[in-house]
1. Just to be sure before I move on: is Ala53 closer than 30 Å to Leu67 by Cβ, among the small types (Gly, Ala, Ser) and either touching a residue at least 12 places away in the same chain (Cβ under 8 Å) or surrounded by 10 or more Cβ atoms within 10 Å (Cβ to Cβ) (or both) in the structure I sent?
2. Across the stretch 1-39, which residue is surrounded by the fewest Cβ atoms within 10 Å (Cβ to Cβ) among those that are more than 10 Å from the chain's Cα centre (by Cα) and among the charged types (D, E, K, R)?
3. What do you reckon, is Thr23 at pLDDT 90 or above, part of a helix (DSSP H, G or I), hydroxyl-bearing (Ser, Thr, Tyr) and over 16 Å from Leu8 (Cα atoms)?
4. Being at pLDDT 90 or above, touching a Cys at 6+ places or on another chain (Cβ under 7 Å), under 21 Å from Ala20 (Cβ atoms) and part of a helix (DSSP H, G or I) narrows it down to one of Leu50, Leu57, so name that one.
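The values are calculated or read from the model by the stated rules, or taken from the named source; none is laboratory data. Quantities reported herein were computed from a predicted structural model and do not represent experimental measurements. Quick reminder, even Gly has a Cβ in these numbers, built from the backbone with ideal geometry, and neighbours come from all protein chains shown.
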Amino acid sequence: MYFFLAILAALEICYSSVIAPLTLASLLSGKKATISLAGCGTQMFFFIFLGGADCMLLAVMAFDRHLKGRLIGAEINEASRT
């Protein structure tokens, strides 16, 4: 579980750093920053890709939690039979 949490933290850092640099540059400079079409496409690709990876990782973490509960339940049932 700690492995998945470490990956989730790394994904969240990457996910937030996709948009933050241009937004901060625009806010701090006071002038409107423009982005090229290629830059916009690249930013959109990474935003969607990392968002999808985040959702998949959360699904894997939920499934891991589900299996852990079933394994513990099976161990309790086996221990109560003896």
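1. Details: closer than 30 Å to Leu67 by Cβ: yes; among the small types (Gly, Ala, Ser): yes; either touching a residue at least 12 places away in the same chain (Cβ under 8 Å) or surrounded by 10 or more Cβ atoms within 10 Å (Cβ to Cβ) (or both): yes.
Considered against the rule, which asks whether it is closer than 30 Å to Leu67 by Cβ, among the small types (Gly, Ala, Ser) and either touching a residue at least 12 places away in the same chain (Cβ under 8 Å) or surrounded by 10 or more Cβ atoms within 10 Å (Cβ to Cβ) (or both), Ala53 comes out as yes.
2. Lys32
3. Details: at pLDDT 90 or above: no; part of a helix (DSSP H, G or I): yes; hydroxyl-bearing (Ser, Thr, Tyr): yes; over 16 Å from Leu8 (Cα atoms): yes.
No.
4. Only one candidate qualifies: Leu50.
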